[in-house]
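Written below as C-alpha coordinates is the structure these notes are about.
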Amino acid sequence: MKTMKKPLYPILKATRAAVGFTRLPRLLALWLGRKKVSILNYHDPEPQLFAKQMAWLHRRYQPISQSELLEAIMTKSDSQLPAYPLLITIDDGWRGNVALCPIIEKYRIPVTIYLSSGIVGTHRKFWWLPVYEAGGNPQMLKPLPHAEFLDTLKKQYDYEPERDYPERCALSWEELEDLKRTDLVTFGSHGRYHFILPQCPEDVAWDEISASKKELEEQLDLPIIHFSFPNGEYSLRDQKLLRTAGYQTGRTTQLGFNNVVEGVDPYAIKTLLAADNNSLPVLSFGMGGLDVLREMIL
Ligand SMILES: [Zn+2]
(Lines give C-alpha, C1' and ligand atoms only; values in the text may rest on other atoms or scores of the structure.)
Protein backbone atom coordinates (compact mmCIF):
# COMPACT_ATOMS: atom_id res chain seq x y z
CA MET A 1 0.00 0.00 0.00
CA LYS A 2 1.16 3.47 -0.80
CA THR A 3 1.58 5.87 2.07
CA MET A 4 0.69 9.43 1.32
CA LYS A 5 2.93 12.29 2.38
CA LYS A 6 1.47 13.80 5.56
CA PRO A 7 0.98 17.45 4.47
CA LEU A 8 -1.35 16.26 1.70
CA TYR A 9 -3.79 14.63 4.12
CA PRO A 10 -5.89 17.65 5.23
CA ILE A 11 -6.07 19.01 1.68
CA LEU A 12 -7.14 15.64 0.35
CA LYS A 13 -9.74 15.16 3.08
CA ALA A 14 -11.34 18.51 2.34
CA THR A 15 -11.17 17.92 -1.41
CA ARG A 16 -12.82 14.52 -1.20
CA ALA A 17 -15.67 15.90 0.90
CA ALA A 18 -16.12 18.98 -1.33
CA VAL A 19 -16.08 17.02 -4.59
CA GLY A 20 -18.27 14.37 -2.96
CA PHE A 21 -20.98 16.98 -2.43
CA THR A 22 -21.21 17.61 -6.17
CA ARG A 23 -22.94 15.45 -8.80
CA LEU A 24 -19.59 14.52 -10.37
CA PRO A 25 -18.80 11.29 -8.46
CA ARG A 26 -22.37 10.11 -8.86
CA LEU A 27 -22.23 10.64 -12.63
CA LEU A 28 -18.89 8.86 -12.76
CA ALA A 29 -20.30 5.96 -10.73
CA LEU A 30 -23.24 5.66 -13.13
CA TRP A 31 -20.87 5.64 -16.08
CA LEU A 32 -17.87 3.64 -14.77
CA GLY A 33 -19.67 1.35 -12.33
CA ARG A 34 -22.29 -0.10 -14.66
CA LYS A 35 -22.02 -3.91 -14.65
CA LYS A 36 -18.72 -3.65 -12.74
CA VAL A 37 -18.53 -5.04 -9.24
CA SER A 38 -17.85 -2.29 -6.72
CA ILE A 39 -16.46 -3.59 -3.44
CA LEU A 40 -16.30 -1.74 -0.16
CA ASN A 41 -13.99 -2.73 2.64
CA TYR A 42 -14.97 -2.14 6.28
CA HIS A 43 -13.28 -3.10 9.55
CA ASP A 44 -15.11 -1.99 12.66
CA PRO A 45 -17.69 0.56 11.50
CA GLU A 46 -19.72 2.46 14.03
CA PRO A 47 -23.29 1.06 13.62
CA GLN A 48 -25.03 4.43 13.20
CA LEU A 49 -22.71 5.52 10.40
CA PHE A 50 -22.81 2.05 8.82
CA ALA A 51 -26.63 2.24 8.82
CA LYS A 52 -26.50 5.65 7.10
CA GLN A 53 -24.10 4.33 4.48
CA MET A 54 -26.18 1.18 3.84
CA ALA A 55 -29.33 3.30 3.39
CA TRP A 56 -27.48 5.49 0.87
CA LEU A 57 -25.95 2.53 -0.98
CA HIS A 58 -29.19 0.56 -0.98
CA ARG A 59 -30.88 3.29 -3.04
CA ARG A 60 -28.11 3.36 -5.63
CA TYR A 61 -26.69 -0.19 -5.87
CA GLN A 62 -27.83 -3.79 -5.94
CA PRO A 63 -25.88 -5.75 -3.32
CA ILE A 64 -24.61 -9.14 -4.44
CA SER A 65 -23.07 -12.02 -2.52
CA GLN A 66 -19.55 -13.39 -2.72
CA SER A 67 -20.78 -16.46 -4.64
CA GLU A 68 -22.49 -14.26 -7.25
CA LEU A 69 -19.19 -12.43 -7.70
CA LEU A 70 -17.28 -15.71 -8.02
CA GLU A 71 -19.76 -17.03 -10.58
CA ALA A 72 -19.41 -13.85 -12.67
CA ILE A 73 -15.59 -14.01 -12.49
CA MET A 74 -15.50 -17.67 -13.50
CA THR A 75 -17.92 -17.28 -16.41
CA LYS A 76 -16.44 -13.90 -17.42
CA SER A 77 -20.03 -12.83 -17.92
CA ASP A 78 -21.98 -9.94 -16.48
CA SER A 79 -25.35 -11.25 -17.70
CA GLN A 80 -26.35 -12.43 -14.23
CA LEU A 81 -25.12 -9.28 -12.55
CA PRO A 82 -27.48 -6.44 -11.70
CA ALA A 83 -26.82 -3.01 -13.26
CA TYR A 84 -24.80 -1.71 -10.31
CA PRO A 85 -23.47 -4.67 -8.33
CA LEU A 86 -22.04 -3.97 -4.89
CA LEU A 87 -20.22 -6.31 -2.52
CA ILE A 88 -19.78 -5.38 1.12
CA THR A 89 -16.74 -6.88 2.87
CA ILE A 90 -15.57 -6.56 6.46
CA ASP A 91 -12.04 -7.47 7.55
CA ASP A 92 -10.56 -8.85 10.79
CA GLY A 93 -13.59 -9.96 12.87
CA TRP A 94 -13.97 -7.12 15.37
CA ARG A 95 -16.27 -7.60 18.32
CA GLY A 96 -18.33 -4.57 17.21
CA ASN A 97 -19.40 -6.35 14.01
CA VAL A 98 -22.18 -8.22 15.80
CA ALA A 99 -24.02 -4.89 16.25
CA LEU A 100 -24.32 -4.68 12.44
CA CYS A 101 -26.73 -7.67 12.32
CA PRO A 102 -29.96 -5.60 12.48
CA ILE A 103 -28.67 -3.27 9.74
CA ILE A 104 -27.71 -5.98 7.26
CA GLU A 105 -31.01 -7.71 8.02
CA LYS A 106 -33.01 -4.51 7.53
CA TYR A 107 -31.56 -3.91 4.06
CA ARG A 108 -31.05 -7.62 3.26
CA ILE A 109 -27.46 -6.84 2.27
CA PRO A 110 -25.14 -9.82 1.81
CA VAL A 111 -21.87 -9.25 3.66
CA THR A 112 -18.56 -11.11 3.63
CA ILE A 113 -16.63 -11.10 6.90
CA TYR A 114 -13.00 -12.20 6.74
CA LEU A 115 -11.83 -13.52 10.09
CA SER A 116 -8.40 -13.89 11.66
CA SER A 117 -8.94 -17.39 12.98
CA GLY A 118 -6.33 -17.17 15.76
CA ILE A 119 -7.91 -14.03 17.24
CA VAL A 120 -11.70 -14.56 16.96
CA GLY A 121 -13.20 -16.62 19.76
CA THR A 122 -10.29 -15.71 22.09
CA HIS A 123 -9.05 -12.89 24.30
CA ARG A 124 -6.00 -12.38 22.08
CA LYS A 125 -5.27 -9.07 20.43
CA PHE A 126 -4.43 -7.95 16.92
CA TRP A 127 -0.71 -7.18 16.89
CA TRP A 128 -1.02 -3.47 16.14
CA LEU A 129 -3.20 -2.67 19.16
CA PRO A 130 -0.39 -2.79 21.76
CA VAL A 131 1.78 -0.79 19.36
CA TYR A 132 -0.83 1.98 19.22
CA GLU A 133 -1.40 1.75 22.98
CA ALA A 134 2.31 2.36 23.56
CA GLY A 135 2.29 5.35 21.19
CA GLY A 136 4.18 3.44 18.48
CA ASN A 137 3.57 3.36 14.74
CA PRO A 138 2.49 -0.02 13.32
CA GLN A 139 3.52 1.14 9.82
CA MET A 140 7.15 0.91 10.93
CA LEU A 141 6.77 -2.79 11.71
CA LYS A 142 5.03 -3.85 8.52
CA PRO A 143 8.15 -3.95 6.30
CA LEU A 144 10.17 -6.03 8.80
CA PRO A 145 11.05 -9.65 8.01
CA HIS A 146 8.77 -11.91 10.03
CA ALA A 147 11.28 -13.02 12.72
CA GLU A 148 12.33 -9.43 13.36
CA PHE A 149 8.70 -8.34 13.36
CA LEU A 150 7.80 -10.85 16.10
CA ASP A 151 10.94 -10.01 18.04
CA THR A 152 10.18 -6.26 17.98
CA LEU A 153 6.59 -6.87 19.06
CA LYS A 154 7.80 -8.92 21.99
CA LYS A 155 10.70 -6.75 23.13
CA GLN A 156 9.27 -3.30 22.52
CA TYR A 157 5.56 -3.90 23.01
CA ASP A 158 5.43 -7.01 25.21
CA TYR A 159 3.13 -8.64 22.67
CA GLU A 160 2.83 -12.29 21.77
CA PRO A 161 0.22 -13.54 19.30
CA GLU A 162 -1.06 -16.33 21.55
CA ARG A 163 -1.30 -14.40 24.80
CA ASP A 164 -4.72 -13.72 26.31
CA TYR A 165 -5.55 -10.17 27.39
CA PRO A 166 -8.27 -9.05 29.83
CA GLU A 167 -10.36 -7.25 27.22
CA ARG A 168 -11.77 -9.08 24.20
CA CYS A 169 -11.38 -7.21 20.92
CA ALA A 170 -12.66 -9.84 18.46
CA LEU A 171 -15.97 -11.63 17.89
CA SER A 172 -16.72 -14.63 20.09
CA TRP A 173 -17.91 -17.90 18.51
CA GLU A 174 -21.40 -17.20 19.92
CA GLU A 175 -21.46 -13.79 18.23
CA LEU A 176 -20.30 -15.41 15.00
CA GLU A 177 -23.26 -17.79 15.30
CA ASP A 178 -25.55 -14.73 15.57
CA LEU A 179 -24.07 -13.38 12.35
CA LYS A 180 -24.34 -16.78 10.69
CA ARG A 181 -28.04 -16.99 11.60
CA THR A 182 -28.82 -13.92 9.48
CA ASP A 183 -28.11 -16.09 6.41
CA LEU A 184 -26.62 -12.98 4.84
CA VAL A 185 -23.02 -13.44 5.95
CA THR A 186 -20.34 -15.31 4.02
CA PHE A 187 -17.32 -16.04 6.17
CA GLY A 188 -13.82 -15.94 4.76
CA SER A 189 -10.33 -16.14 6.18
CA HIS A 190 -8.00 -13.26 7.00
CA GLY A 191 -5.12 -15.48 8.15
CA ARG A 192 -4.57 -16.66 11.71
CA TYR A 193 -2.72 -13.76 13.33
CA HIS A 194 -2.93 -11.10 10.63
CA PHE A 195 0.76 -11.45 9.78
CA ILE A 196 1.98 -9.61 6.69
CA LEU A 197 2.24 -12.56 4.29
CA PRO A 198 5.00 -11.40 1.92
CA GLN A 199 7.29 -10.89 4.95
CA CYS A 200 6.66 -14.44 6.22
CA PRO A 201 8.78 -17.48 5.33
CA GLU A 202 6.79 -19.99 3.31
CA ASP A 203 5.95 -22.31 6.24
CA VAL A 204 4.48 -19.42 8.25
CA ALA A 205 2.55 -18.06 5.24
CA TRP A 206 1.21 -21.56 4.60
CA ASP A 207 0.11 -21.89 8.22
CA GLU A 208 -1.65 -18.49 8.08
CA ILE A 209 -3.45 -19.50 4.90
CA SER A 210 -4.23 -23.20 5.33
CA ALA A 211 -4.60 -23.58 9.10
CA SER A 212 -6.95 -20.59 9.27
CA LYS A 213 -9.17 -22.27 6.67
CA LYS A 214 -9.26 -25.48 8.66
CA GLU A 215 -9.88 -23.76 12.01
CA LEU A 216 -12.75 -21.68 10.65
CA GLU A 217 -14.31 -24.61 8.82
CA GLU A 218 -14.26 -26.68 12.02
CA GLN A 219 -15.67 -23.93 14.23
CA LEU A 220 -18.28 -22.56 11.86
CA ASP A 221 -19.17 -25.81 10.10
CA LEU A 222 -19.03 -24.04 6.75
CA PRO A 223 -16.69 -24.23 3.76
CA ILE A 224 -14.17 -21.37 3.78
CA ILE A 225 -13.14 -20.56 0.21
CA HIS A 226 -12.60 -16.80 0.33
CA PHE A 227 -9.55 -15.00 1.66
CA SER A 228 -8.64 -11.37 2.26
CA PHE A 229 -4.94 -10.53 2.39
CA PRO A 230 -3.96 -8.99 5.77
CA ASN A 231 -3.01 -5.36 5.21
CA GLY A 232 -3.83 -6.01 1.55
CA GLU A 233 -0.30 -7.30 1.00
CA TYR A 234 0.46 -10.36 -1.08
CA SER A 235 3.02 -11.88 -3.40
CA LEU A 236 2.73 -14.32 -6.27
CA ARG A 237 3.76 -17.04 -3.81
CA ASP A 238 0.88 -16.15 -1.48
CA GLN A 239 -1.62 -16.26 -4.36
CA LYS A 240 -0.32 -19.73 -5.26
CA LEU A 241 -0.60 -20.87 -1.64
CA LEU A 242 -4.22 -19.69 -1.61
CA ARG A 243 -4.98 -21.79 -4.67
CA THR A 244 -3.17 -24.84 -3.23
CA ALA A 245 -5.04 -24.52 0.07
CA GLY A 246 -8.37 -24.60 -1.80
CA TYR A 247 -9.44 -20.97 -1.73
CA GLN A 248 -11.32 -19.67 -4.72
CA THR A 249 -10.88 -15.94 -4.19
CA GLY A 250 -8.43 -13.50 -2.63
CA ARG A 251 -9.46 -9.91 -1.94
CA THR A 252 -6.82 -7.20 -1.95
CA THR A 253 -6.96 -3.51 -1.03
CA GLN A 254 -5.84 -2.48 -4.49
CA LEU A 255 -8.21 0.22 -5.70
CA GLY A 256 -10.45 -0.38 -8.69
CA PHE A 257 -13.73 -1.63 -10.13
CA ASN A 258 -13.95 -5.34 -10.98
CA ASN A 259 -14.80 -5.77 -14.66
CA VAL A 260 -15.62 -9.47 -15.02
CA VAL A 261 -15.96 -9.30 -18.81
CA GLU A 262 -12.43 -7.91 -19.21
CA GLY A 263 -11.30 -10.53 -16.71
CA VAL A 264 -10.72 -10.41 -12.96
CA ASP A 265 -7.91 -12.38 -11.32
CA PRO A 266 -9.89 -14.25 -8.62
CA TYR A 267 -6.81 -14.01 -6.35
CA ALA A 268 -6.45 -10.24 -6.79
CA ILE A 269 -9.96 -8.85 -6.38
CA LYS A 270 -10.03 -5.06 -6.07
CA THR A 271 -11.87 -2.74 -3.70
CA LEU A 272 -12.99 0.86 -4.11
CA LEU A 273 -12.68 2.24 -0.64
CA ALA A 274 -11.94 1.52 3.00
CA ALA A 275 -15.16 3.00 4.22
CA ASP A 276 -15.45 2.86 8.05
CA ASN A 277 -15.43 6.51 9.03
CA ASN A 278 -16.50 8.13 5.83
CA SER A 279 -19.23 10.72 5.51
CA LEU A 280 -21.67 10.21 2.65
CA PRO A 281 -19.86 12.71 0.35
CA VAL A 282 -16.56 10.87 0.87
CA LEU A 283 -18.32 7.56 0.26
CA SER A 284 -19.76 9.01 -2.96
CA PHE A 285 -16.29 10.24 -3.96
CA GLY A 286 -14.88 6.72 -3.59
CA MET A 287 -17.80 5.00 -5.30
CA GLY A 288 -17.27 7.25 -8.31
CA GLY A 289 -13.80 5.79 -8.69
CA LEU A 290 -12.14 9.05 -7.73
CA ASP A 291 -9.84 7.41 -5.18
CA VAL A 292 -8.60 5.15 -7.98
CA LEU A 293 -7.78 8.27 -9.99
CA ARG A 294 -6.27 9.98 -6.94
CA GLU A 295 -3.94 7.04 -6.34
CA MET A 296 -2.82 7.10 -9.95
CA ILE A 297 -1.91 10.78 -9.67
CA LEU A 298 -0.49 11.10 -6.13
ZN1 LIG B 1 -7.11 -6.76 8.45
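The values are calculated or read from the model by the stated rules, or taken from the named source; none is laboratory data. Fair warning: this is a prediction, and the values are worked out from it, not measured in the lab. Virtual Cβ from ideal backbone geometry, glycine too; neighbours counted across all protein chains shown. Quick note on the areas: whole protein, heavy atoms, side chains included, nothing else; ligands and nucleic acids left out. Shrake-Rupley method; radii C 1.70, N 1.55, O 1.52, S 1.80 Å.
Which condition number does Asp183 fail, the rest of (1) assigned to a loop (DSSP other than H, G, I, E, B); (2) touching a strand residue (DSSP E or B) at 6+ places or on another chain (Cβ under 8 Å); (3) within 25 Å of Ile104 (Cβ to Cβ) being met?
Asp183 satisfies every listed condition except (2).
Report, by residue number, each residue of region 255-276 that is over 28 Å from Ala55 (Cβ atoms) and either among the charged types (D, E, K, R) or surrounded by fewer than 22 Cβ atoms within 10 Å (Cβ to Cβ) (or both).
The answer is Val261, Glu262, Gly263, Asp265, Pro266, Tyr267, Ala268.
Here are some conditions: (1) away from the ligand (no atom under 16 Å from the Cβ); (2) buried (at least 16 other Cβ atoms within 10 Å of the Cβ); (3) under 26 Å from Thr249 (Cα atoms). Asp183 meets all but one. Which one does it not meet?
Among (1) away from the ligand (no atom under 16 Å from the Cβ); (2) buried (at least 16 other Cβ atoms within 10 Å of the Cβ); (3) under 26 Å from Thr249 (Cα atoms), Asp183 violates only (2).
Does region 197-207 hold any residues that are open to solvent by 10 Å² or more (accessible area, probe 1.4 Å) and outside any helix (DSSP H, G or I), and which are they?
The answer is Pro201, and nothing else.
Filter region 187-222 for residues that are touching a strand residue (DSSP E or B) at 6+ places or on another chain (Cβ under 8 Å) and either away from the ligand (no atom under 16 Å from the Cβ) or modelled with pLDDT under 95 (or both) and give the result.
Lys213, Leu220, Leu222
Between Ser235, Ser210, Ser189, Ser279, which is without any contact (Cβ under 8 Å) to a residue 40 or more places away in the chain and surrounded by 15 or more Cβ atoms within 10 Å (Cβ to Cβ)?
The unique qualifying residue is Ser210.
Looking at region 102-144, which of its residues are away from the ligand (no atom under 16 Å from the Cβ) and within 18 Å of the chain's Cα centre (by Cα)?
Hits for region 102-144 are Ile104, Ile109, Pro110.
Can you give me the number of residues within region 63-93 that are among the small types (Gly, Ala, Ser), assigned to a loop (DSSP other than H, G, I, E, B) and away from the ligand (no atom under 16 Å from the Cβ)?
Residues meeting the conditions: 4.
Among Pro161, Pro166, which is outside any helix (DSSP H, G or I) and open to solvent by 70 Å² or more (accessible area, probe 1.4 Å)?
Unique residue meeting the criteria: Pro166.
Exactly one condition in (1) away from the ligand (no atom under 16 Å from the Cβ); (2) in contact with a Leu (Cβ under 7 Å, 6 or more places away or on another chain); (3) of a type outside the set (Ser, Thr, Tyr) is false for Arg23; which is it?
Here Arg23 clears every test but (2).
On the given criteria, is Lys240 in contact with a Gly (Cβ under 8 Å, 6 or more places away or on another chain), open to solvent by 60 Å² or more (accessible area, probe 1.4 Å) and either part of a strand (DSSP E or B) or away from the ligand (no atom under 16 Å from the Cβ) (or both)?
no
Out of everything in region 29-59 that is away from the ligand (no atom under 16 Å from the Cβ) and among the aromatic types (Phe, Trp, Tyr), what residue ends up being farthest from the chain's Cα centre (by Cα)?
That would be Trp31.
For Ile103, only one of the following conditions fails: (1) within 25 Å of Trp173 (Cα to Cα); (2) without any contact (Cβ under 8 Å) to a residue 24 or more places away in the chain; (3) among the β-branched types (Val, Ile, Thr). What is its number?
(2)
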